[in-house]
Each structure stands twice: as structure tokens, then as C-alpha cells.
Amino acid sequence: TIICASITSFLILLLKKYASIEIATTLRFWNSFRSHQSFNHNDTSISSSFSYPTFVLGPTANLPNKSEIISQLLNLVDGENPTSSWSRTFSYIQSSGGALHVRQQVLGYMSSQQQQQLARATTKLNLTVSLESGGSFCGNGSGITAGGTHAASLRYFWEAGGRFGFLALESVFSRTYATCPNQTILRTAMEVAEFAKTFVERLGGGGRLPLFFLYDALPHFSVGRWPANVDYGMELDNVIESLQTAMREQSLELEGVWMDCPYEYSRDYPNASAPSPAGTGFKKIAAAAELVRNKGIKVGKNFNSQEGGETSDELFFNSTIADWDASDAAGGIFDFVLVETWYEHPTIVAPETKLFSLTYTAVEVFTKSLFSHLKIYDNASLFSHLEIYDYA
């Protein structure tokens, strides 16, 4: 226990002292340390959390000028030494097996040449691209139709060698309920699975399939005894089981669930006019994370702020940090940590040295997350489960 706690403290000090240089080294060291451990694999509370998270950055803000959205995205990955302006963020992403997350509509804004540029640049950097795609699927065959349409709009990216490591099925249950509330959860799950299957088939396969995640609005779901912020008549447990079944019928697997839940929806849970006691909404997040993990799949959350996204870069930063701190304090443990904006703020993605840029915010969240995961192992009761080998 003393040895492990000392190693944990060393890693934290290493990150604090040599931040931009030592992120990748620290994560490699942690992986190496893990490989020399033996733990009780029947204890899922340990084996599921004995790692650092995978980091994902979503830089495509909803700026008024669409060309500026595209320019900021391409500047991150192309040109002379493109990652120099976001080296720490990039290192977190690459070292953890993470991704650059892009919304479907942004790729739709691009010309064929710009899609090709993004494909070649990310391939050159060996940078995984995560795609956010989905929508409303009402009625039999709607998933197949949407899958074909969405895939067609990305063909230049794909033909230039671009690949999607993650496919985030965005708001598919929420948007479908809003459009056709009488459609059953099972029917929606079947359409979502057919969408995913058609999407990858139309893009021609070629290499491994992307990892599929349900990326939906947690405020629209009840989680056990925790009700929804807005009643959509959906229970997270039932939705996950229905989607897992439907995906398997298409010979696909659901890798996990990413929670879309901006800070204010947890802070003011269930609503600002009649909020529950402080911290209650973040306990719901922790409960949702536990529920997802108990399904045998991975759990992630996007950390961001609606009020900040609609107001200022500084408020986005402050509220996003508050979102992480409160979720962490409530006991949430996440396999994936995302920082994404789909709002007008932050208006600047990089450099990460610029106060309140998106990458400035991401570095802070990613670092806090890594510290949190390392500090878990200072707990003597957890280390009683470990058999320590001669690390040297």
C-alpha cells in the first residue's frame, strides 16, 4: 500500500512539474505499473476503475460563421507543426487512446477538398476521429434511410482514407421521442441499430468498425429512483438493454454510454424553479455511471456548460470545471472524459495557453480527471485487493 501510494504521489508531482512534457510519459508509466499488478477480476468495482480515462475533445463550436468552425478544426490538425498550439491536450488524447470529436453537420459544411484535407491530416497525425451523428428515427425504415444519407455526406472524408474510431449515436432516443412520442423504445432501438449498420456498410467497411456509443441527454432519462429533469417517459436501464439487444441483432456491439448533461442541469436538478438539495443532480450522474458499468459497458460524460456556452468563454470554463468537480465529488467514475462545445462559446479552440480557450479548459478537466483516478489508489482498502509484485 505504501509503495503504491508513493508511486501515485510521484505521478501526480510529475504531471504538475513537467505538465506539457510528461503527460504521455506518465500515462505510459501508469500502464506499465498496471501491467505488473494482479487483482481480483471478480471485483468489478476495482477492475473497472483500475485505469485512467480516455480523453475526447469536441472543438466544433456553433459559431455564426461556418467557415470559421471549419478553419479552427483544420488548423488543429494541418499545417506546419499543427499540434504545437494544443500539445498538452493532444498528448492527453493520443496517450489515452482518445479522439478528436466532430459533429456530423460540420463535416457537412465542408467542401470535398476540406473533407479530404481533414482525412489526410488526421491520418498523418495518427489521430482518431470521433463522429457525432444521429437524429430522429420515426417509423419502420427510418434508420436505414438516415444511415445511407449520413454516410453519403461523408464520402470524401472516407475515400481520402479517413476513418472514424468512435461513432456517437447522438440524442437518438431524445430526438425521436420529441418527434414521435408514441413510438416504443424497442422500435426506436431497432431503428438506431439499423442506422448504425447501414452507416458503416455504406461507407464500405474497410478496416475495423468504429466503437458505438449512445450519446444522449441524461436529463431526459430517469435513473432508478432519480427522475428525469423533463419527463420523456424513458428509463436509462430499459433504453440500454433495448439498444444492446437491437445492436446484437445487427451483429454490432454497444461499447458504452456518453452522458450529455451540461453543468446547469445537474446543479439545478430537477429544475431551476424547484431544485433539490445541492448536489442531488450529481448523485444522479454517479448513479447513471454505476448503472452503465453494471451493464458491462463503458461510461463517459461530456463536461461543459450551457449558460457559459451561451454567454462567455470565461463562464464556460468556470462552470465546466465546476461540473467536473461536483461530478467527481459525488463519486462518478468515468471511462471516457469529454470536453465538447456545441454552443457559441468558447469562441477560440487554441492555443491552450490562451485563457479560457476550449483547449485551456480541456487541459484543466483532463488533468483533474487523471489526478482523481490516480488518487483512488491511495486508498488502503482498495490496495488490500492487490498482490504487489517486484516492479523493479
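The values are calculated or read from the model by the stated rules, or taken from the named source; none is laboratory data. These figures come from a predicted structure and were not determined experimentally. Positions of Cβ are generated from backbone atoms using ideal geometry, with glycine treated the same way; all protein chains shown enter the neighbour counts. Just the protein is used for accessible areas: all its heavy atoms, side chains included, with ligands, DNA and RNA removed. Shrake-Rupley method; radii C 1.70, N 1.55, O 1.52, S 1.80 Å.
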On full extension of the chain, what length is gained from Glu253 through Ala272, given 0.36 nm per residue of separation minus the C-alpha to C-alpha distance? 3.1 nm
List the residues of the stretch 314-354 whose backbone N lies under 16 Å from a point placed 7 Å from the Cα of Ala178 along the Cα-to-Cβ direction. 342-344
Cα centroid distance between the stretch 174-243 and the stretch 95-146, in Å? 18 Å
Please work out the average accessible area per residue across the stretch 221-277, using the 1.4 Å probe convention, and give it in Å². 46 Å²
Highest to lowest packing among 269-282, 350-363, scored as the average C-beta count within 10 Å: 350-363, 269-282
Label-point separation in nm, Arg155 to Glu344, each point 7 Å along Cα→Cβ: 3.6 nm
Would you please state the base-10 log of I(q)/I(0) at q = 0.10, 0.21 1/Å for the stretch 251-381, with intensities from the Debye formula using one equal scatterer on every alpha carbon? -0.33, -1.23
With every protein chain left in place, what is the accessible area of Ile70 in Å² (1.4 Å probe, nearest 10)? 10 Å²
Can you pull out the trypsin sites (Lys or Arg not before Pro) in the stretch 117-188 that DSSP calls coil and that have at most 14 other Cβ atoms within 10 Å? none
Suppose R0 equals 51 Å. What FRET efficiency, 1/(1 + (r/R0)^6) with r the Cβ-Cβ distance, do Glu201 and Glu314 give to the nearest 0.05? 0.70
Which of Leu254, Gly281, Pro227 sits closest to the plus end of the dipole of the stretch 211-306, meaning its Cα is farthest towards the positive end, when Lys and Arg get +1 and Asp and Glu get -1 on the C-beta? Gly281
Could you check the simple spin-label distance between Asp325 and Thr145, using points 7 Å along Cα→Cβ, in nm with one decimal? 4.9 nm
Work through the residues other than Ala288 whose Cβ is under 15 Å from its Cβ and net out their charges, Lys, Arg +1 and Asp, Glu -1. -2
Let me make sure I get this right: for the stretch 138-274, a, b and c are the square roots of the gyration tensor eigenvalues over alpha carbons, sorted descending. Under 1.5 in a/c it's rounded, otherwise prolate if a/b > b/c, else oblate. Which is it? prolate
Under 1.5 on a/c is rounded, so check that first for the stretch 269-324, then, if it is not, pick prolate when a/b is larger than b/c and oblate when it is not; a ≥ b ≥ c are the square roots of the alpha carbon gyration tensor eigenvalues. oblate
Once you sort the root eigenvalues of the Cα gyration tensor of the stretch 231-307 as a ≥ b ≥ c, which label holds: rounded (a/c under 1.5), prolate (a/b larger than b/c) or oblate (the other case)? prolate
